[in-house]
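The values are calculated or read from the model by the stated rules, or taken from the named source; none is laboratory data. All values reported here derive from a predicted model rather than from experimental measurement. Glycine also receives a Cβ, built like all others from the backbone with ideal geometry; neighbour counts cover every protein chain displayed. Areas reflect the complete protein model, heavy atoms only, side chains present, ligands, DNA and RNA absent. Shrake-Rupley method; radii C 1.70, N 1.55, O 1.52, S 1.80 Å.
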Amino acid sequence: MRLLMLLSVLEVCWAQYNPHTRYGQTSIVHLFEWRWDDIALECERYLAPNGFGGVQVSPPTENAVINNPQRPWWERYQPISYKICSRSGNEHEFREMVKRCNSVGVNIYVDAVVNHMCGKDVSAGISSTCGSYYNPGLRDFPAVPYSGWDFNDGKCKSRSGEIESYNDIYQVRDCRLSGLLDLALGKDYVRSTIAAYLNHLISIGVAGFRIDASKHIWPGDMKAFLDKLNNLNTHWFPEGSRPFIYQEVIDLGHEPIKSSEYFGNGRVTEFKYGTKLGTVLRKWNGEKMAYLKNWGEGWSFMPSDRALVFVDNHNNQRGHAAGGPSILTFWDARLYKMAVGFMLAHPYGFPRVMSSFKWPRYFENGKDINDWVGPPNDNGVIKRVTTINTDSTCGNGWVCEHRWHQIRNMVIFRNVVNGQGFTNWWDNGSNQVAFGRGNRGFIVFNNDDWALSSNLQTGLPAGTYCDVISGDKNDDHCTGSEIYVGSDGRAHFSISNTAEDPFIAIHVDAKL
Ligand code: ZXY
Ligand code: CA
């Protein structure tokens, strides 16, 4: 009996739901389209010192070079081989990044594009990031190798061979997603080839995978290749650690395919999270922050221990893939910081922070005609991330939301309150809310059109705390505002509705 209990505890600890972050780090950041050498530097100079647990990196494989439009970001979602060779760097640079990030306790998670190869109409040749030959028309990818037998052309039952209806679960899994050649994941050869690619990355030292387009893979086929994966490299991780798995399933509740079908394989992206949080903060559809009291499963989200949560991702921030108008991004910086702050303070799910590049957003008839634009580059070569030391933000077109001090300090807040419950909720029945995390941290928001001035129970020990949104704790003083918690745990908060950042967060590591 005791042994069984121990085994089940071990299972939870080492299983595919566990991100294996180190030192009690509780979130990860997506460094979208960054070069491997820049990520290595960022791990050392910024992510490790500020408590980030890991990085989701862009797909590392060789991909089709698309010239019409000119090198879009989405070309990296059109693999043509599993050589580690992309605009972010070669295999040597990738290995150096993994080694340098692991050495400072920051994990690497790879975006794995395994549902498909490139589009069927891409022309044959060597227009690929590593010069490998491929012929999509003939289903020939000799650098893998894959041939006609390895695709679902025969299995797909739609008239065009494309996914024509998301109401037909067979089409969604067996047909082409906007022309992308659909791999036959029912075949053992394809499963083994994918597992060999992922095992290569595991041997290099990565900690897990985002499985792109998971909705388009049968859950059983997913399980079949995941079961072939090795445990994580014991040079960096405890013996018996399974790779962390989070599956990209866009389930807003309107399609027959449900996130829950994938829970057995690992975590799943909760797309309702950012869609709903954006709606609440924008005060659309009569939503208000007071309704966030039962945020999480109470909003019919998936179980917290299965959820990978985010305010925006690389698709929906530019209107792609379930990118409804409610999604908040760096373009709406004030509300965005509140949303990310709320996400990081709230115990629901495992959070991923987005880090973007700017693009020349331009709406025509409600659509951003530049939604395809790729990362900052010189003649196709991705630009380095330059950091501006005075405020530690970024230049060269990189947004670096993870370096905004409000977001960085909330990443730290989440680590400080790790393991604490959701306590001392307060709201004014409108858009002023507050909650604590046990006796470790407390956060207050004012999204109303009038000032907040309230005496609230924080649950914290008496003392003077630095607000980590308006500033930092610097040795023996606060660079922003100070909050005084009395011996009864209560404190007075005032937040102007016109404040640059209308929220305040305090925690025990920022107490004077
Ligand atoms: N793209 C534009 C132009 C090409 C890329 C587009 O209009 N696509 C047609 C709509 C289908 O959207 C796509 C979805 O997943 C992808 C796509 C894709 C996954 C990929 C590569 C892709 O085109 O090109 O690896 C998609 C899947 C869903 C869903 C909604 C959208 O509910 O299950 C895009 C690119 C989107 O819109 C994209 C790219 C990478 C991703 C992703 C979406 O990881 O999630
Ligand atoms: Ca498929």
Note on the stretch 169-189: residues within 13 Å of ligand 2 (Cβ to nearest atom), more than 19 Å from Gly137 (Cα to Cα) and of a type outside the set (Gly, Ala, Ser) are Ile169, Tyr170, Gln171, Val172, Arg173, Leu185, Lys187
Within the stretch 147-181, can you find the residues that are within 15 Å of ligand 1 (Cβ to nearest atom) and of a type in the set (Asp, Glu)?
-> Glu162, Glu164, Asp168, Asp174
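For every residue, the table says whether it meets (1) closer than 22 Å to Met354 by Cβ; (2) in contact with a His (Cβ under 9 Å, 6 or more places away or on another chain); (3) of a type in the set (Ser, Thr, Tyr); (4) modelled with pLDDT under 95.
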| residue | (1), (2), (3), (4) |
| --- | --- |
| Cys175 | no, yes, no, no |
| Asp188 | no, no, no, no |
| Ala196 | no, no, no, no |
| Phe237 | no, yes, no, no |
| Glu248 | yes, no, no, no |
| Lys258 | no, no, no, no |
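Test of understanding: among Gly125, Gly131, Gly105, Gly119, which residue is of a type in the set (Gly, Ala, Ser), within 21 Å of Ile245 (Cα to Cα) and surrounded by fewer than 24 Cβ atoms within 10 Å (Cβ to Cβ)?
When all the criteria are applied, what remains is Gly105.
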Criterion violated by Tyr109 - all others in (1) part of a strand (DSSP E or B); (2) more than 16 Å from ligand 1 (Cβ to nearest atom); (3) closer than 14 Å to Leu31 by Cα satisfied = (2)
Which one of these is open to solvent by 60 Å² or more (accessible area, probe 1.4 Å), under 22 Å from the mean Cα position of the chain (by Cα) and of a type in the set (Asp, Glu): Asp312, Asp305?
-> Asp305
Looking only at the stretch 151-163, which residues are assigned to a helix (DSSP H, G or I) and charged (D, E, K, R)?
-> Asp153
Any residue at all in the stretch 136-151 that is within 12 Å of ligand 2 (Cβ to nearest atom) and not acidic (Asp, Glu)?
-> yes
Write out, first by first residue and then by second, each pair whose Cβ atoms fall under 7 Å of each other, whose residues are 6+ apart or on separate chains, and whose first residue, in the stretch 66-79, is more than 11 Å from Gly374 (Cα to Cα) and part of a helix (DSSP H, G or I) while the second is modelled with pLDDT of 95 or more and open to solvent by less than 40 Å² (accessible area, probe 1.4 Å).
-> Tyr77/Pro59; Tyr77/Val113; Tyr77/Asp212
With Glu261, Glu255 as the choices, which residue is surrounded by fewer than 21 Cβ atoms within 10 Å (Cβ to Cβ), part of a helix (DSSP H, G or I), more than 11 Å from ligand 2 (Cβ to nearest atom) and touching a residue at least 24 places away in the same chain (Cβ under 8 Å)?
-> Glu261
Does Val29 fit the bill of being under 25 Å from Gly395 (Cβ atoms), in contact with an Asp or Glu (Cβ under 7 Å, 6 or more places away or on another chain) and open to solvent by less than 10 Å² (accessible area, probe 1.4 Å)?
-> no
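Based on what the data block shows, is Val280 within 16 Å of ligand 2 (Cβ to nearest atom), open to solvent by less than 10 Å² (accessible area, probe 1.4 Å) and either on the phi > 0 side of the Ramachandran plot or among the β-branched types (Val, Ile, Thr) (or both)? Talk me through it step by step, then tell me what you get.
Details: within 16 Å of ligand 2 (Cβ to nearest atom): no; open to solvent by less than 10 Å² (accessible area, probe 1.4 Å): yes; either on the phi > 0 side of the Ramachandran plot or among the β-branched types (Val, Ile, Thr) (or both): yes.
Taking the combined requirement at face value, the residue does not satisfy it.
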Within the stretch 456-465, which residues are open to solvent by less than 10 Å² (accessible area, probe 1.4 Å) and either among the β-branched types (Val, Ile, Thr) or under 29 Å from the mean Cα position of the chain (by Cα) (or both)?
-> Thr458
Can you tell which of Thr423, Thr498 is among the β-branched types (Val, Ile, Thr), more than 21 Å from Lys293 (Cβ to Cβ) and open to solvent by 10 Å² or more (accessible area, probe 1.4 Å)?
-> Thr498
Of the residues Cys130, Cys118, which is within 15 Å of ligand 1 (Cβ to nearest atom), in contact with a strand residue (DSSP E or B) (Cβ under 9 Å, 6 or more places away or on another chain), not in a helix (DSSP H, G or I) and not aliphatic (A, V, I, L, M)?
-> Cys118
Out of curiosity, is Val144 of a type in the set (Val, Ile, Thr), under 26 Å from the mean Cα position of the chain (by Cα) and either within 16 Å of ligand 1 (Cβ to nearest atom) or not in a helix (DSSP H, G or I) (or both)?
-> no
Within the stretch 200-251, the residues that are within 16 Å of ligand 2 (Cβ to nearest atom), free of Cβ contacts under 8 Å to residues at least 40 places away in the same chain and open to solvent by 30 Å² or more (accessible area, probe 1.4 Å) are Gly220
Residues (open to solvent by less than 10 Å² (accessible area, probe 1.4 Å), assigned to a loop (DSSP other than H, G, I, E, B), in contact with a Ser or Thr (Cβ under 9 Å, 6 or more places away or on another chain) and under 26 Å from Ser392 (Cα atoms)) located in the stretch 466-495 = Asp467, Ile469, Gly471
